[in-house]
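The next block holds one structure in the form of structure tokens; read it before the comments.
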Amino acid sequence: MKFALDSRRMFRNVVAISVLSIAYSAHAEVIDIAWNEQSTFTKTAVVAPSKFVEVCGALDKGHSVSWRFDADVSLKFNIHYHEGKAVVFPFKRDSVKNASDRLDVAVNQDYCWMWENKSAQLATIQVVLARSKTGN
């Protein structure tokens, strides 16, 4: 009887550890921007503690992206792109739960909106991007 109880406890512990492991490891991700017919992109994502989520896509000079997000935990946030080994940050904040602005695309690049969770709890973010052609 003791063996059966120990086996059940061990099984429950293995299942609990597996579920936590999946939840925490599966949420560092890069998501490709898929614009819909109205040139918008929306996403809800979960950011595990010590992990990040990036939403990335190619943008052309002469476009702009109105963006906003809301999170239930303060996150480190930036918009960036790479030029060789350098990283350029058109927008950067250290601890925010929400923000909104407009990115005017200055160069043809792959731009990324990135959220990093430095807290000890899961964070949920809701993101909305709206792309438009500027008059340039």
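Conditions (1) in contact with a Cys (Cβ under 7 Å, 6 or more places away or on another chain); (2) surrounded by fewer than 18 Cβ atoms within 10 Å (Cβ to Cβ); (3) under 20 Å from T124 (Cα atoms), marked per residue:
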position: N36; (1), (2), (3): no, yes, no
position: T44; (1), (2), (3): no, yes, yes
position: V47; (1), (2), (3): no, no, yes
position: S64; (1), (2), (3): no, yes, no
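Go through (1) surrounded by 14 or more Cβ atoms within 10 Å (Cβ to Cβ); (2) free of Cβ contacts under 8 Å to residues at least 40 places away in the same chain; (3) in contact with a Leu (Cβ under 8 Å, 6 or more places away or on another chain) one by one and return the number of the condition V105 breaks.
Answer for V105: the failing condition is (2).
How many residues, within region 121-136, are surrounded by 14 or more Cβ atoms within 10 Å (Cβ to Cβ) and basic (K, R)? It would help to see each step written out before you state the result.
Of all residues in region 121-136, those surrounded by 14 or more Cβ atoms within 10 Å (Cβ to Cβ) come to 122-123, 125-131.
Pick out the ones that are also basic (K, R) and you get 131.
Of the residues in that region, 1 qualify.
Taking the options K85, K118, K51, name whichever one is under 23 Å from A28 (Cα atoms), crowded, with 17+ Cβ neighbours inside 10 Å and either basic (K, R) or more than 16 Å from the chain's Cα centre (by Cα) (or both).
Numbers: K85 fails: crowded, with 17+ Cβ neighbours inside 10 Å; K118 fails: crowded, with 17+ Cβ neighbours inside 10 Å.
Just a single option satisfies the conditions, and that option is K51.
Given the structure, is V87 out of contact with any helix residue (DSSP H, G or I) (no Cβ under 8 Å at 6 or more places or on another chain), part of a strand (DSSP E or B) and touching a residue at least 12 places away in the same chain (Cβ under 8 Å)?
On the way: out of contact with any helix residue (DSSP H, G or I) (no Cβ under 8 Å at 6 or more places or on another chain): yes; part of a strand (DSSP E or B): yes; touching a residue at least 12 places away in the same chain (Cβ under 8 Å): no.
Considered against the rule, which asks whether it is out of contact with any helix residue (DSSP H, G or I) (no Cβ under 8 Å at 6 or more places or on another chain), part of a strand (DSSP E or B) and touching a residue at least 12 places away in the same chain (Cβ under 8 Å), V87 comes out as no.
Does S100 meet the test of being surrounded by fewer than 12 Cβ atoms within 10 Å (Cβ to Cβ), of a type outside the set (A, V, I, L, M, F, W, C), in contact with a strand residue (DSSP E or B) (Cβ under 6 Å, 6 or more places away or on another chain) and more than 21 Å from A28 (Cα to Cα)? Let's see the steps before the verdict.
Values: surrounded by fewer than 12 Cβ atoms within 10 Å (Cβ to Cβ): yes; of a type outside the set (A, V, I, L, M, F, W, C): yes; in contact with a strand residue (DSSP E or B) (Cβ under 6 Å, 6 or more places away or on another chain): yes; more than 21 Å from A28 (Cα to Cα): yes.
Considered against the rule, which asks whether it is surrounded by fewer than 12 Cβ atoms within 10 Å (Cβ to Cβ), of a type outside the set (A, V, I, L, M, F, W, C), in contact with a strand residue (DSSP E or B) (Cβ under 6 Å, 6 or more places away or on another chain) and more than 21 Å from A28 (Cα to Cα), S100 comes out as yes.
Working only within region 102-130, note down all residues that are among the small types (G, A, S), part of a loop (DSSP other than H, G, I, E, B) and under 17 Å from V73 (Cα atoms).
Going residue by residue through region 102-130, those that are among the small types (G, A, S) are 106, 119-120, 123, 130.
This time we only want the ones that are part of a loop (DSSP other than H, G, I, E, B), so: 106, 119-120.
Of everything in region 102-130, those that are among the small types (G, A, S), part of a loop (DSSP other than H, G, I, E, B) and under 17 Å from V73 (Cα atoms) turn out to be S119, A120.
So in region 20-48, with the set limited to residues that are at pLDDT 95 or above and of a type in the set (G, A, S), which one is farthest from V128 (Cα to Cα)?
A48
For region 58-73, enumerate the residues that are more than 13 Å from the chain's Cα centre (by Cα), assigned to a strand (DSSP E or B) and among the small types (G, A, S).
Correct list: A58, S64, S66.
Restrict the check to region 45-54 and report whether at least one residue is part of a loop (DSSP other than H, G, I, E, B), free of Cβ contacts under 8 Å to residues at least 12 places away in the same chain and either of a type outside the set (K, R) or farther than 13 Å from K118 by Cα (or both).
From region 45-54, those part of a loop (DSSP other than H, G, I, E, B) are 48-51; that's our starting set.
Pick out the ones that are also free of Cβ contacts under 8 Å to residues at least 12 places away in the same chain and you get none.
No, because not a single residue in region 45-54 is part of a loop (DSSP other than H, G, I, E, B), free of Cβ contacts under 8 Å to residues at least 12 places away in the same chain and either of a type outside the set (K, R) or farther than 13 Å from K118 by Cα (or both).
The values are calculated or read from the model by the stated rules, or taken from the named source; none is laboratory data. Computed from a predicted model, the values in this text were never measured in an experiment. Counting neighbours? That spans all protein chains shown, and the Cβs are built from the backbone with ideal geometry, glycine included.
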